[in-house]
Amino acid sequence: NWHCDNHVDFACTIYLNDRWEKEWGGLLKYRPHDEDKFVIPETGKMVINTDQTFHMVTEQKAPFYRYTLQCFGKYK
């Protein structure tokens with residue numbers, strides 16, 4: 001579901017799988033300026049979003065789990 005992490009000031013995701021194919025889904029989808037953008041969960045990639053970034057993860061069809069490290073923080 002679409003959501004924003006407004007309980008914190010920022011959030012980040014670090015992708016940990018050794019291999020990931022776009023066709024497997026599990027993509028981070030977000031909407032800057034009412035235009036859909038996608039992030040493929042590539043090894044070692046880190047994505048940072050603000051508390052106002054609406055986002056979701058697409059349906060996953062991979063033959064194994066998508067592993068990530070999630071971090072949430074506040075500026076104060």
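Residues in the range 64-76 that are open to solvent by 100 Å² or more (accessible area, probe 1.4 Å) and out of contact with any strand residue (DSSP E or B) (no Cβ under 6 Å at 6 or more places or on another chain): Y65, Y67, K74, Y75, K76.
Please indicate, with yes or no, whether at least one residue in the range 26-37 is assigned to a loop (DSSP other than H, G, I, E, B) and touching a His at 6+ places or on another chain (Cβ under 8 Å).
Step one: of the range 26-37, the residues assigned to a loop (DSSP other than H, G, I, E, B) are 26-27, 31, 35-36.
Those left that are additionally touching a His at 6+ places or on another chain (Cβ under 8 Å): 31.
Scanning the range 26-37, I find at least one residue that is assigned to a loop (DSSP other than H, G, I, E, B) and touching a His at 6+ places or on another chain (Cβ under 8 Å), so the answer is yes.
Annotation: of all residues in the range 1-22 being among the polar types (S, T, N, Q) and surrounded by 10 or more Cβ atoms within 10 Å (Cβ to Cβ), the one that is nearest to Y65 (Cα to Cα) is N17. For the range 40-57, filtering for residues that are in contact with a strand residue (DSSP E or B) (Cβ under 8 Å, 6 or more places away or on another chain), more than 15 Å from D5 (Cβ to Cβ) and surrounded by 13 or more Cβ atoms within 10 Å (Cβ to Cβ) leaves 2.
The values are calculated or read from the model by the stated rules, or taken from the named source; none is laboratory data. Quantities reported herein were computed from a predicted structural model and do not represent experimental measurements. Here the Cβ is made from the backbone with ideal geometry for all residues, glycine too, and neighbour counts use every protein chain on show. When the accessible area is computed, the model is the full protein with side chains, heavy atoms only, and any ligands, DNA or RNA have been set aside. Shrake-Rupley method; radii C 1.70, N 1.55, O 1.52, S 1.80 Å.
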